[in-house]
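Scroll down for the structure; my scribbles are underneath it.
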Amino acid sequence: MDLILVGGSSGNAEALDFTIRSLKALSGKIPICIFPGSKDQVSEHADGILFLSLISGTNPEYL
């Protein structure tokens, strides 16, 4: 496996952080990349972020 993607349209930052930390503990050195559904779903524990999820919508707040 090359990469694990984590994200979705619902959830909160606390649950996301817990999920990412748990996956990192189980997966070893596999990078975790998030695709947040909102600005509240960004985590400092992720190795990368797929910004396209934030900028492809119609909400100009994210642009």
Checked the range 1-17 for anything at pLDDT 90 or above, part of a helix (DSSP H, G or I) and either within 19 Å of GLU61 (Cα to Cα) or touching a strand residue (DSSP E or B) at 6+ places or on another chain (Cβ under 8 Å) (or both); matches are none
Picked from the range 18-63 (must be among the β-branched types (Val, Ile, Thr) and at pLDDT 85 or above), the residue surrounded by the most Cβ atoms within 10 Å (Cβ to Cβ) is ILE34
Residue pairs within 7 Å by beta carbon, gap of at least six or interchain, first lying in the range 42-55 and outside any loop (DSSP other than H, G, I, E, B), second open to solvent by 50 Å² or more (accessible area, probe 1.4 Å) and modelled with pLDDT under 75, listed first then second, are LEU54/TYR62; ILE55/TYR62; ILE55/LEU63
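The values are calculated or read from the model by the stated rules, or taken from the named source; none is laboratory data. Remember, predicted model here, so these are calculated numbers, not experimental data. We place every Cβ from the backbone using ideal geometry, glycine too, and count neighbours over all the protein chains shown. Keep in mind that these areas ignore ligands, DNA and RNA; they rest on the heavy atoms of the full protein, side chains included. Shrake-Rupley method; radii C 1.70, N 1.55, O 1.52, S 1.80 Å.
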